[in-house]
Amino acid sequence: MGLFLLMLRVPADAAQRAIGLKNRIARDYRLRGFAYEAERLHITLFNLGREMSRERIGWIERRAPSVATSPFEVEFNRAMSWPDALVLLGEEKPAALTAFRRELGAVLGLRRSGFTPHVTLMRGATAVEDQQVQSLRWTVCDFAFVHSVDRRYVELGRWPLAATQPARPD
């Protein structure tokens with residue numbers, strides 16, 4: 001069954017640095033949870049649920065390219081435990097990321113519930129204190145629509161960020 005997600009995927013070079021950081025923290029704190037592979041690291045923009053009709057998938061695929069946002073930078077420099085995960089966070093919500101998510105939600109008619117930008121490195125019980133880590137920064141150049149099935153992502157679409165993309169009809 002799986003989940004349908006809109007996300008920002010972490011580029012390969014930043015993902016490798018994040019995995020190195022996760023390995024160090026896991027070793028230092030003797031963590032034994034389920035660790036994400038580099039290609040699964042991402043920022044979830046919207047969790048669209050477990051079920052989605054073909055019509056809804058097609059509608060998202062047609063509407064998503066009309067989001068007109070320039071590439072922007074994100075930065076994460078804190079690691080900490082959440083109840084079920086080891087995550088990377090930034091000092092504050094990046095304005096460009098928040099604005100992009102707002103626009104994407106408006107274009108797709110999605111409810112904009114609470115949003116804490118983060119990258120999950122590991123699932124399971126963790127006990128890691130909030131700590132500064134070497135900054136993980138990259139330029140967001142695209143966003144993806146994926147179906148998460150059996151711990152892998154099936155990419156249904158990926159769209160580049162550009163401030164002047166042509167509008168597509170419904």
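Points to keep in mind about this one:
- Total residues in the range 1-36 satisfying the condition of being within 14 Å of the chain's Cα centre (by Cα) and either surrounded by fewer than 19 Cβ atoms within 10 Å (Cβ to Cβ) or modelled with pLDDT of 95 or more (or both): the figure is 13.
- Unmet requirement for Phe115, which otherwise passes all of (1) hydrophobic (A, V, I, L, M, F, W, C); (2) farther than 12 Å from Ser66 by Cβ; (3) at pLDDT below 95; (4) more than 13 Å from the chain's Cα centre (by Cα): (4)
- Residue among Thr44, Thr98 that is of a type in the set (Val, Ile, Thr) and farther than 20 Å from Arg158 by Cβ: Thr98
- Test result for Thr69, buried (at least 18 other Cβ atoms within 10 Å of the Cβ), under 26 Å from Arg112 (Cβ atoms) and at pLDDT below 95: yes
- The criterion of at least 3 residues that are farther than 17 Å from Pro11 by Cβ and of a type outside the set (S, T, N, Q) is met by the following strands (runs of 3 or more DSSP E) wholly inside the range 88-169: 142-149, 152-160.
- Count of residues meeting criterion [open to solvent by less than 30 Å² (accessible area, probe 1.4 Å) and in a strand (DSSP E or B)] in the range 37-63: 5
- Residues in the range 101-115 that are in contact with a strand residue (DSSP E or B) (Cβ under 7 Å, 6 or more places away or on another chain) and within 17 Å of Phe72 (Cα to Cα): Arg101, Leu104.
- Subset of the range 74-95 (residues that are at pLDDT 95 or above and over 21 Å from Phe34 (Cβ atoms)): Val74, Glu75, Asn77, Arg78
The values are calculated or read from the model by the stated rules, or taken from the named source; none is laboratory data. From a predicted model like this one, the values you see are computed outputs, not experimental measurements. No Cβ is skipped: glycine too gets one built from the backbone with ideal geometry, and neighbour counts run over all protein chains shown. Accessible surface areas use protein heavy atoms only, side chains included; no ligands, DNA or RNA. Shrake-Rupley method; radii C 1.70, N 1.55, O 1.52, S 1.80 Å.
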